[in-house]
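Taking it in order: structure first as structure tokens, then the write-up.
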Amino acid sequence: MPYEYIEEVLTVAGEQPDVRFLFMTKNPKRYFDVVCEDSAGTLANCTLGATVESDANYPKLSKAPPQSDRLHHMTKLSELGVKTFVSVEPILDFTPGFETDLYRIRPWAVAVGYDNYKNYLPEPSLKRTQDLISKLRKAGITVYEKTLRKAWYEP
């Protein structure tokens with residue numbers, strides 16, 4: 001998306017301080033073009049979100065930047081004091097440390113859900129997903145449960 005479009009949307013957002021805006025991307029590195037130029041504070045009413053389906057990289061599933069890059073850039077945004085949101089949808093199989101990566105982002109909330117389109121993705125079991133949600137909630141993170149079901153391979 002051209003930077004001019006992003007700049008125009010942020011101008012409109014900055015003119016409406018009583019409205020909350022949630023932006024979503026699979027390329028959170030682009031947010032740094034905006035954050036670094038936000039001396040006027042136009043992001044005060046904005047939450048910057050990203051889709052991060054896992055902490056493992058699945059390059060054959062998407063042309064988006066690797067999941068590890070997305071986690072890195074969202075963590076850096078959080079360290080700058082930016083309000084963040086993460087969508088773990090569609091959830092893909094993850095390592096046991098995924099919740100720690102999400103804690104580092106300090107998101108306002110996390111949405112978690114399975115694929116709705118029978119793509120037979122490399123999904124975690126429902127139990128692992130429920131354990132992840134439980135750990136996030138115990139850490140004080142609001143979790144929005146989207147489509148939760150057994151993984152396609154579970155009986």
Quotient of C-alpha Rg and 2.2 N^0.38 Å, computed over the range 3-81: 1.17
Neighbour-limited loop hits for trypsin sites (Lys or Arg not before Pro), the range 1-108 (at most 10 other Cβ within 10 Å; DSSP other than H, G, I, E, B): 60, 63
21 Å Cα-Cα threshold exceeded, pairs from 60/118; 26/76; 26/63; 76/138; 29/63: 76/138
Relative contact order, percent, the chain [alpha-carbon distance under 8 Å, six or more residues apart]: 18
Charge sum, other residues only, whose C-beta stays under 9 Å from residue 89's C-beta, Lys/Arg counted +1 and Asp/Glu -1: -1
Cut-off under 5 Å, modelled amide H: who pairs with residue 91 long-range: 113, 114, 115
Radius 10 Å from Cβ of residue 115, net charge of other residues (Lys, Arg +1; Asp, Glu -1): -1
Order of 115, 33 under a 10 Å beta carbon neighbour criterion, fewest first: 33, 115
Unit charges on C-beta of K, R, D, E only; dipole of the range 53-128, Debye: 120
Other-chain or far-sequence residues with amide H under 5 Å of residue 26's (modelled H): 51
Karplus 3J(HN,Hα) series, Hz, for the range 45-55 with 6.51 cos²θ - 1.76 cosθ + 1.60 (x for Gly, Pro): 9, 10, 10, 9, x, 8, 8, 9, 6, 5, 9
Descending semi-axes in Å of the chain, equivalent ellipsoid built from Cα gyration tensor: 29, 16, 14
Helix-only [θ]222 nm of the chain, DSSP H runs n ≥ 4, -39500 (n - 2.57) each, per residue, nearest 500: -9500 deg cm²/dmol
Folded to 0 to 90 degrees: helix 126-138 orientation relative to the chain principal axis, Cα: 40
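Values in this text are rule-based calculations from the coordinates and carry no lab data. Treat the numbers as computed from the prediction; the structure is a model and nothing was measured. Virtual Cβ from ideal backbone geometry, glycine too; neighbours counted across all protein chains shown.
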